[in-house]
Amino acid sequence: ISNSYYVVDSSNYKVLTDANATGDLFYCSGDPVACKGISDIGYYVVDKDSVYTCQDNGEGLSCQRGKIPDTNTACDGVDKIGQLIKNGETISLCLNYETEGTVVDLTVGSSGNYLLHKNADPSLNVIGMTGSNQEYAIITVKDKVVKLHSTYSNGLKYVYGEKKTYRVMERDSKTCPVDPTTGLKEAEILELSCTNGLCKNSSIDLKLSVATAGMFFFFFLVSLLVLTTR
């Protein structure tokens, strides 16, 4: 069938129809129908009852068909971070929850790069973020597909995002939070250090740099003391 996803057994390319079956994911489209293997971590959504989730299981990509739980009607708690939400006819992804939830709708108009916060429950971190310092992941949203953007680069040392929407700020972005009187609203901007699409707060790098510099200075003083006492 054209424009459909299939979970397939990698050993024999047999389509798996069991509800909890895991395997490789293929997307088939066109006329004549041609199928292409999916190789990116993320969510591939058809509708609320057909959601294909692909995760790194430690040995490679493993994909499974599921559905959005009936209880996921709002991004209303930290347990919903990273989960898909179905509110009315709209399917969204819960990006973060602080005093309230922030979502991105899986629609054509919302296409772009976003920052997904880490869920404290490792089993709910579909995108990854298993490292102790990893706090965010860069994801690409395109229609009803959410993928880890492991190769993202803006040509700068750090990646920047808006705290209000968690949208990644591109170099040519015209959406920087600015106050007409005081200028750039730095408090509303996230600055992250990212590797393979997984990010930590840039302040962690700064603390490590300061600590390294402090150790270097300590050993420099010790060496100087040894030389002066000879």
What are the residues in region 26-54 that are over 17 Å from Ser150 (Cβ atoms), without any contact (Cβ under 8 Å) to a residue 40 or more places away in the chain and assigned to a strand (DSSP E or B), if any?
-> Phe26, Tyr27, Cys28, Ser29, Ala34, Cys35, Lys36, Val51
Of those in region 12-51 that are in contact with a strand residue (DSSP E or B) (Cβ under 9 Å, 6 or more places away or on another chain), of a type in the set (S, T, N, Q) and over 21 Å from Gln83 (Cβ atoms), the residue surrounded by the fewest Cβ atoms within 10 Å (Cβ to Cβ) is Thr17
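Yes or no, residue by residue, for (1) surrounded by 19 or more Cβ atoms within 10 Å (Cβ to Cβ); (2) at pLDDT 90 or above; (3) closer than 23 Å to Asn201 by Cβ; (4) acidic (Asp, Glu):
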| site | (1), (2), (3), (4) |
| --- | --- |
| Ile85 | yes, yes, no, no |
| Leu93 | yes, yes, yes, no |
| Glu100 | no, yes, yes, yes |
| Ser123 | no, no, no, no |
| Val145 | no, yes, no, no |
| Asn154 | no, yes, yes, no |
| Thr181 | no, no, no, no |
Any idea which of Cys75, Cys54 is modelled with pLDDT of 95 or more and closer than 20 Å to Asn20 by Cα?
-> Cys54
Somewhere in region 174-196, is a residue at positive phi, of a type outside the set (Ser, Thr, Tyr) and in contact with a Ser or Thr (Cβ under 7 Å, 6 or more places away or on another chain)?
-> yes
What number of residues in region 52-83 are crowded, with 22+ Cβ neighbours inside 10 Å, hydrophobic (A, V, I, L, M, F, W, C) and closer than 21 Å to Asp24 by Cα?
-> 2
Filter region 156-179 for residues that are closer than 24 Å to Gly101 by Cβ and modelled with pLDDT of 85 or more and give the result.
-> Val159, Tyr160, Gly161, Glu162, Lys163, Lys164, Thr165, Tyr166, Arg167, Val168, Met169
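The values are calculated or read from the model by the stated rules, or taken from the named source; none is laboratory data. Since the structure is predicted, the reported quantities are computational estimates derived from the model, not experimental observations. Here the Cβ is made from the backbone with ideal geometry for all residues, glycine too, and neighbour counts use every protein chain on show.
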